[in-house]
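I have placed the structure first, in the form of structure tokens, so that the comments after it can refer back to it.
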Amino acid sequence: MNNTSLHARHRAVLPDWLALYYADPIELTHGEGRHVWDADGKKYLDFFGGILTTMTAHALPEVTKAVAEQASRIIHSSTLYLNRPMVELAERVAQLSGIPDARVFFTTSGTEANDTALLLATAYRRSNQILAMRNSYHGRSFAAVGITGNQGWSPTSLSPLQTLYVHGGVRGRGPYAHLSDAEFTEACVADLRDMLGQTRGDVAALIAEPIQGVGGFTSPPDGLYARFREVLREHGILWISDEVQTGWGRTGDHFWGWQAHGRSGPPDILTFAKGIGNGMSIGGVVARADVMNTLDANSISTFGGSPVTMAAGLANLSYLLEHDLQGNARRVGGLLIERLRAIAATTPVVREVRGRGLMIGVELDDPTRTVAGAVLEACREAGLLIGKGGGHDTSVLRIAPPLSLTVAEAEEGAAILEGALRDVS
Ligand SMILES: Cc1ncc(COP(=O)(O)O)c(C=O)c1O
């Protein structure tokens, strides 16, 4: 294998905690559309898009052209100078966010976007208390791991924040799993009220992923965050929607994940990253002007909003909207979920197929925590890349292809996954 020595070199020089997929990890050298190739020339159908980041397609000519043209003019200027692509992308994101009088700040990652949201909320509310969801993931910085309920991704209990973890993000497990949707929601609301009643001080914000990504594509019943919002409003607590995985139409039914809870209107703060840059590093925060402008010291971002990434984001977003990839995610994702549910019905190792659009989780019956890895290996062997996730007691296969996935590709991937599940069963 070409990559043996590269793997050894990786291990020798990079941190042990930088997780790699597969016993014999893959070096991806190029991609096109929904396919990627490894250094040995093997072709794979890509159902994970570099962790939900290749949003439209690999090597999309429109994005490549925008990057090349911008790079040939100027690659970097910093936020100290006017930047036309940054203003244009901010205008489009502000308008799409649904947040009134929105301001946008660009970062280079989802972590940094959430960090900024926490800075804004804690400064605005003059409190370091944050509500986060159990089983959540919000990034890798010191502040972000302090609001990450998913223990496997939160390496320290030290934190600049005081975090209170709330029930609700995981529908199918935990003390309320047996309840109906309506009862589940009311139990979580009662839990939230109870917690707030026992908390000294003013909580700054609730941060939540509308569908938990790393946690295994789990979500509450639609409307739960709208009910939470009513309680939060009674206390002046802000709602931060982490749309790093759920944004840009991936869920098919909605452009943003929060819209499944839309009854109470948009969040106070929305964070995004991943798909908008199609692999170029763009993250960002959208907030009401009074929240965004609460900081009274200067700030800059050397790399956030760089002209090349903004040009890529504009081209990528235009392609997404002009080709109605949200609609495609709804249609093709709907077919794929149906197909996977049919497979699950005759495959005992599958506990549940869930999700929305092209964000599909296949939870496994995996008490030894070895089955998911074996399915990943079998899929890889047969030419399909998928992801995995879950919490401390769950193993979940994660399926999140580029949103331009065709029906034929969905069918091909489902057939490979079916074979892999049968192999390991
Ligand atoms: C919901 C969510 N928030 C934040 C992040 C952090 O984003 P990044 O890896 O770009 O820092 C991730 C990454 O997977 C995520 O899934």
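The values are calculated or read from the model by the stated rules, or taken from the named source; none is laboratory data. The structure displayed is predicted, hence computed values, not measured ones. Neighbour counts run over all protein chains shown; Cβ positions are idealised from the backbone, glycine included.
Conditions (1) in contact with a strand residue (DSSP E or B) (Cβ under 6 Å, 6 or more places away or on another chain); (2) among the small types (Gly, Ala, Ser); (3) modelled with pLDDT under 95, marked per residue:
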position: Thr302; (1), (2), (3): no, no, no
position: Val308; (1), (2), (3): no, no, no
position: Ala312; (1), (2), (3): yes, yes, no
position: Leu325; (1), (2), (3): no, no, no
position: Ile337; (1), (2), (3): yes, no, no
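Looking only at segment 90-139, count how many residues are at positive phi and under 21 Å from the mean Cα position of the chain (by Cα). Steps first, please.
Taking segment 90-139 first, the residues at positive phi are 98, 101, 126, 135, 139.
Adding the requirement that they be under 21 Å from the mean Cα position of the chain (by Cα) leaves 98, 135, 139.
Residues meeting the conditions: 3.
Determine which single condition Ala19 fails, assuming it passes every other condition in (1) free of Cβ contacts under 8 Å to residues at least 12 places away in the same chain; (2) in a helix (DSSP H, G or I); (3) within 20 Å of the chain's Cα centre (by Cα).
The one condition Ala19 does not meet is (2).
Is there a residue being away from the ligand (no atom under 16 Å from the Cβ) and surrounded by 20 or more Cβ atoms within 10 Å (Cβ to Cβ) anywhere in segment 267-284? Give the derivation first.
Applying the first criterion (away from the ligand (no atom under 16 Å from the Cβ)) to segment 267-284 yields 268.
Then drop every residue that is not surrounded by 20 or more Cβ atoms within 10 Å (Cβ to Cβ), which leaves 268.
There is at least one residue in segment 267-284 that is away from the ligand (no atom under 16 Å from the Cβ) and surrounded by 20 or more Cβ atoms within 10 Å (Cβ to Cβ).
Go through segment 215-242 and report how many residues are touching a Gly at 6+ places or on another chain (Cβ under 6 Å), over 13 Å from Arg134 (Cβ atoms) and either within 16 Å of the ligand (Cβ to nearest atom) or not aliphatic (A, V, I, L, M) (or both).
Going through segment 215-242 one residue at a time, the tally reaches 1.
Given the structure, is Gly262 in contact (Cβ under 8 Å) with a residue 12 or more places away in the chain and more than 16 Å from the ligand (Cβ to nearest atom)? Walk me through how you get there before you give the answer.
Values: in contact (Cβ under 8 Å) with a residue 12 or more places away in the chain: yes; more than 16 Å from the ligand (Cβ to nearest atom): yes.
Answer is yes for this residue.
Being hydroxyl-bearing (Ser, Thr, Tyr) and over 20 Å from Pro266 (Cα atoms) is the filter here; which residues of segment 176-235 pass it? Before the answer, list the steps.
Here is the first cut: in segment 176-235, the residues hydroxyl-bearing (Ser, Thr, Tyr) are 176, 180, 185, 199, 218-219, 225.
Once the filter is applied, which keeps residues that are hydroxyl-bearing (Ser, Thr, Tyr) and over 20 Å from Pro266 (Cα atoms), segment 176-235 yields Tyr176, Ser180, Thr199, Thr218.
Okay, residues lined up against (1) under 24 Å from the mean Cα position of the chain (by Cα); (2) aromatic (Phe, Trp, Tyr); (3) farther than 29 Å from Asn278 by Cβ:
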position	(1), (2), (3)
Thr346	no, no, yes
Val349	no, no, yes
Thr368	no, no, yes
Leu376	yes, no, no
Val407	yes, no, no
Glu412	no, no, no
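Can you name every one of the strands (runs of 3 or more DSSP E) wholly within segment 315-413 that holds 2 or more residues which are of a type in the set (Lys, Arg) and either free of Cβ contacts under 8 Å to residues at least 24 places away in the same chain or out of contact with any Pro (no Cβ under 7 Å at 6 or more places or on another chain) (or both)? Break it down into steps so the answer makes sense when it comes.
On the way: elements: 350-356, 359-364, 387-389, 395-399.
Filter on segment 315-413 gives 350-356.
Going by what's in this entry, would Ala12 be described as at pLDDT below 95 and either of a type in the set (Gly, Ala, Ser) or touching a Gly at 6+ places or on another chain (Cβ under 8 Å) (or both)? Spell out how you get there, then give the answer.
Working: at pLDDT below 95: no; either of a type in the set (Gly, Ala, Ser) or touching a Gly at 6+ places or on another chain (Cβ under 8 Å) (or both): yes.
It is false that Ala12 is at pLDDT below 95 and either of a type in the set (Gly, Ala, Ser) or touching a Gly at 6+ places or on another chain (Cβ under 8 Å) (or both).
Taking the stated definitions as given, is Ala182 touching a residue at least 12 places away in the same chain (Cβ under 8 Å) and out of contact with any strand residue (DSSP E or B) (no Cβ under 6 Å at 6 or more places or on another chain)? Give the derivation first.
Working: touching a residue at least 12 places away in the same chain (Cβ under 8 Å): yes; out of contact with any strand residue (DSSP E or B) (no Cβ under 6 Å at 6 or more places or on another chain): yes.
Yes, satisfied.
Say we look at segment 291-327 and pick out the residues that are surrounded by 22 or more Cβ atoms within 10 Å (Cβ to Cβ) and within 16 Å of the ligand (Cβ to nearest atom); which of these is farthest from the chain's Cα centre (by Cα)?
Ser306
When the residues of segment 22-47 are filtered to those that are of a type in the set (Ser, Thr, Tyr) and not in a loop (DSSP other than H, G, I, E, B), which remaining residue is nearest to Leu358 (Cα to Cα)? Give the steps one after another, and end with the answer.
Of all residues in segment 22-47, those of a type in the set (Ser, Thr, Tyr) come to 22, 29, 44.
Among the residues that remain, those that are also not in a loop (DSSP other than H, G, I, E, B) are: 29, 44.
Numbers: Thr29: 24, Tyr44: 18 Å.
Of everything passing the filter in segment 22-47, Tyr44 is nearest to Leu358 (Cα to Cα).
In segment 94-119, how many are away from the ligand (no atom under 16 Å from the Cβ) and touching a residue at least 12 places away in the same chain (Cβ under 8 Å)? Before you say what the answer is, go through the steps one by one.
Kept after step one, since they are away from the ligand (no atom under 16 Å from the Cβ), are these residues of segment 94-119: 94-104.
Restricting the remaining residues to those that are touching a residue at least 12 places away in the same chain (Cβ under 8 Å) gives 94, 96-104.
Result for segment 94-119: 10.
Here's the yes/no breakdown for (1) more than 16 Å from the ligand (Cβ to nearest atom); (2) in contact with a Pro (Cβ under 8 Å, 6 or more places away or on another chain); (3) not aliphatic (A, V, I, L, M):
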| residue | (1), (2), (3) |
| --- | --- |
| Ala143 | no, yes, no |
| Trp153 | no, no, yes |
| Thr163 | no, no, yes |
| Tyr176 | yes, no, yes |
| Ser180 | yes, no, yes |
| Val189 | yes, no, no |
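Looking at Arg288, Arg351, Arg356, which is the one that is under 23 Å from Ser219 (Cα atoms) and away from the ligand (no atom under 16 Å from the Cβ)?
Values: Arg288 fails: under 23 Å from Ser219 (Cα atoms); Arg356 fails: away from the ligand (no atom under 16 Å from the Cβ).
Among Arg288, Arg351, Arg356, only Arg351 is under 23 Å from Ser219 (Cα atoms) and away from the ligand (no atom under 16 Å from the Cβ).
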